[in-house]
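Student: I am attaching a structure below and will ask some questions about it afterwards.
The values are calculated or read from the model by the stated rules, or taken from the named source; none is laboratory data. All figures in this text were calculated on a predicted structure; none of them were measured in a lab. Because the Cβ atoms are built from the backbone with ideal geometry, glycine has one as well, and the counts that use them run over all protein chains shown. Surface areas here come from the heavy atoms of the whole protein model, side chains and all, with no ligands, DNA or RNA. Shrake-Rupley method; radii C 1.70, N 1.55, O 1.52, S 1.80 Å.
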Amino acid sequence: MDNAVFVGIGELPAGRYPQRCFMGDLVAVAHLALDDAGLTPKDVDTVVLIPCLHSFIDQADLVFSRVVEELGLSKQVKSQFMVHSGGSTSDNAVRAAGSLLCAGEADTVLILQAERWGSAPVEAMIDTLSFNGIPLEWEIPAGQNFNAIGALITARYMYETGSTPEEMAGICVALRRWANLNPNAMYRDKPLTVEQILASKMVCEPLHAMECPMMADGAVGLVMTTPDRAARRGQDAVRIAGTGGCVSHYSLGQETDLARLGAALRLSMLRVGVGPMPGA
């Protein structure tokens, strides 16, 4: 990853925006990221997409390269593909893009993601989080869903570490403080306290409503290239200090360490870059 850097980023405000549309969000955030990098769509030779979960129709458009066409890059982009690995998708998409750059298979990579969870039908999103990615044979019949998965992991972590509900709620408070600094965050103007979290309704013990992710519309774009190309263009570049990971489990019932989920193994696999990048 020493030969791959970020040179541009774009982000749309997150929240509920029924007046926006999926493809429009992707195109808009692509232009924001490219503008930030001082580039135009014509500078892109590879597009990496992160699949959406809110709509099969929108997902099909991603598969069949509509984004490339909407950006006016048909027959110019040499590769468009998707990367999806659940919660680790952003890391793996960057790794894939970085590998292409390091191998000389790409010069400038545009990574895009958009979701419409905030404006999608609530019933459809409930079904998605109740059935997708959960073993049909063993866990769905027992009532397993993503709220329960998060609750089981949290409960085990609290048991092994002795963490209190107040300490766990404090994590959400810290995250909200970061969000308060981001003008595009869904709750950018709403502070959060431990007391508010613990007073919110219990969703799945020990998780309260304000400890659960909120469904939102949003989009992000990243532009990556090589350090040499960034230097020739006079672009500010941010290098990748390190990345690492492991595939811990599919079925939660097969995870042997709920409190850590392979964290120690991921740290042992961490690849760390050496030295600062010019302009970083």
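Student: Kindly indicate which of A237, A219 is in contact with a Leu (Cβ under 8 Å, 6 or more places away or on another chain) and surrounded by 18 or more Cβ atoms within 10 Å (Cβ to Cβ).
Tutor: A219
Student: If you don't mind, another one. Any idea which of G245, G221 is touching a helix residue (DSSP H, G or I) at 6+ places or on another chain (Cβ under 9 Å), outside any loop (DSSP other than H, G, I, E, B) and not aliphatic (A, V, I, L, M)?
Tutor: Going through G245, G221 in turn, the sole match is G221.
Student: Restricting attention to the stretch 28-80, report how many residues are acidic (D, E) and either open to solvent by less than 70 Å² (accessible area, probe 1.4 Å) or touching a strand residue (DSSP E or B) at 6+ places or on another chain (Cβ under 6 Å) (or both).
Tutor: Residues flagged as acidic (D, E) and either open to solvent by less than 70 Å² (accessible area, probe 1.4 Å) or touching a strand residue (DSSP E or B) at 6+ places or on another chain (Cβ under 6 Å) (or both) within the stretch 28-80 amount to 5.
Student: Can you tell which of P135, P165 is touching a Phe, Trp or Tyr at 6+ places or on another chain (Cβ under 8 Å) and within 25 Å of R260 (Cβ to Cβ)?
Tutor: Sole residue among the options that is touching a Phe, Trp or Tyr at 6+ places or on another chain (Cβ under 8 Å) and within 25 Å of R260 (Cβ to Cβ): P135.
Student: Restricting to the stretch 248-263, name every residue that is open to solvent by 40 Å² or more (accessible area, probe 1.4 Å), touching a residue at least 40 places away in the same chain (Cβ under 8 Å) and in a helix (DSSP H, G or I).
Tutor: Answer for the stretch 248-263, where residues must be open to solvent by 40 Å² or more (accessible area, probe 1.4 Å), touching a residue at least 40 places away in the same chain (Cβ under 8 Å) and in a helix (DSSP H, G or I): just G253.
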